[in-house]
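Following: one structure in structure tokens, then a few remarks.
The values are calculated or read from the model by the stated rules, or taken from the named source; none is laboratory data. Computed from a predicted structure; not experimentally measured. Here the Cβ positions follow ideal geometry from the backbone for every residue, glycine too, while neighbour counts run over all protein chains shown. Only protein heavy atoms, including side chains, enter the accessible area calculation; ligands, DNA and RNA are left aside. Shrake-Rupley method; radii C 1.70, N 1.55, O 1.52, S 1.80 Å.
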Amino acid sequence: MKKFLVTIFIVVVAIQCWAYSFSAVAPSGQTLNYNITSAMIPGMPQTVAVTYPGTSSSDPYSGYTQPLGNLTIPSTVSYNGTTYTVTEIGDYAFLSCTNLMGSLTLPNTITRIGHYAFNGCSGLTGTLTLPEGITIIGTYAFQNCHFTGALILPSTLTEVSNWSFAGCTSFTSVTFPNNINRIGNHAFDNCDGLTGALNIPDAVTSIGWRAFYDCDHITSINTGNGVQTIYYGAFCHCDAVSSLVIGDQVRRIYDFAFYGCSNLTTITMGSSIDSIDYRVFGDCTSLAAITMRNSTPPTIVNHTSSYRPDPYIGITADKGAPGDGILCGYQTGNYSSGSYTYHRFYGNEHSYSVAIACTSVDNCSAFVNGVNCDQIYEYSENEGGIRRYYYRFNGSLYSTPVGVRQYLNTFGGGTTSLVYLHVPCNAVMAY
């Protein structure tokens, strides 16, 4: 019998003690750091991602000098005789690099921009053109950057992620590719430099909550023919919008979607709209005409499913006049064996016998009326020493306090002048 001797070669690789594979000087003069992202197989394409120099993503440039000036990312970089293609800007790569001042130029080899990649790079200016080939822009990628020109998105991009461009207050316009299918939560929140008409491509199926919140120089909105859902506060406080066209695929508009659009004059509703939620058009004080294209009147909802995916139920209680929400006052006490903060609800400065025992603002358990509460968004204000919070309830009130009614309010705080409602000829009696 022949015996085979198998020899096992063990290759010992020294592990580097820093967070990147190597460094190289960029065309714009900065020393950039790269991680090798491909298998080191001879003859196969070799790729890298731009990364940060430090050891912690929470403080990626701790102990290192931040890059400064105009930034040009190369398409290829060489190291130890090997040429690598730059395909990614990694997560946190330039987080809070406020010394980057001027233009940002990206190569057409990039396919991904990571989470927080340029977050807080407030000195970047000019037009931002993202090259063809990019398929992913991470969450918070360009938040609080101050580009002073247009934003041009590539045709290869299919989604604008949550918070991607929030706080980019100086963008003057945005060009969407035709095949983009989702605009995420807070994607353009507070991009108040955007001007002119906003036309959503037909491929977009949903507009996230507060996606264009406080974009107060947009003058008109057309949601396109693909959007099915407009989520909570999507265009809230877009003050300059005068005309709004809701596409024929939109079925539901969630709470506060167009709240505070104070110059909104005309609304054209799509033929599929069947549900309009709480204060969707609240404080739209210039409204003059609404055109309905659906022969069946939509449901005006006062108990609303949340704009978030979990099944929360919303309610507003008051004593007969429109209210902005539920005013919460506090009193501490002891219930059973635990200490709680009791949240009592107010409407028009009247206290009701509904109390929620809360160990914290965001973690409430009910002992009256079987209610669980959850703070729905961060807006709050002081009025007469009472802090105002807006809540959404998990479940529903098993009993409504005496004298309190659930106020149905979609156009609350609206114009006091005559508003014309145009409906299909065969639907006059239905409306």
For this session: Scan (1) at pLDDT below 95; (2) out of contact with any helix residue (DSSP H, G or I) (no Cβ under 6 Å at 6 or more places or on another chain) for the single condition ALA240 breaks and write down its number.
Result: (1)
Exercise. Could you say whether any residue in segment 121-136 is under 14 Å from ALA49 (Cβ atoms), buried (at least 19 other Cβ atoms within 10 Å of the Cβ) and over 22 Å from the mean Cα position of the chain (by Cα)?
Worked result: no
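Go through TYR213, TYR259 for me and flag whichever is part of a loop (DSSP other than H, G, I, E, B) and under 24 Å from MET292 (Cβ atoms).
Details: TYR213 fails: under 24 Å from MET292 (Cβ atoms).
The unique qualifying residue is TYR259.
Which of the residues spanning segment 129-152 are part of a loop (DSSP other than H, G, I, E, B) and more than 19 Å from TYR116 (Cβ to Cβ)?
Quick first cut of segment 129-152, residues part of a loop (DSSP other than H, G, I, E, B) only: 130-135, 138-149.
If the condition is that a residue be part of a loop (DSSP other than H, G, I, E, B) and more than 19 Å from TYR116 (Cβ to Cβ), then PRO131, GLU132, GLY133, THR148, GLY149 are the ones that fit.
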For this session: Inspect segment 35-49 for any residue being closer than 12 Å to PHE94 by Cβ and open to solvent by less than 60 Å² (accessible area, probe 1.4 Å) and give the result as yes or no.
Result: no
For this session: For segment 54-82, enumerate the residues that are open to solvent by 50 Å² or more (accessible area, probe 1.4 Å) and without any contact (Cβ under 8 Å) to a residue 24 or more places away in the chain.
Result: SER58, ASP59, SER62, GLY63, TYR64, THR65, GLY81
Exercise. Mind checking which residues of segment 144-163 are closer than 20 Å to MET101 by Cα and either surrounded by 21 or more Cβ atoms within 10 Å (Cβ to Cβ) or charged (D, E, K, R) (or both)?
Worked result: CYS145, PHE147, LEU151
For this session: Just one of (1) open to solvent by 40 Å² or more (accessible area, probe 1.4 Å); (2) under 19 Å from ARG210 (Cβ atoms) trips up PHE235, so point out which.
Result: (1)
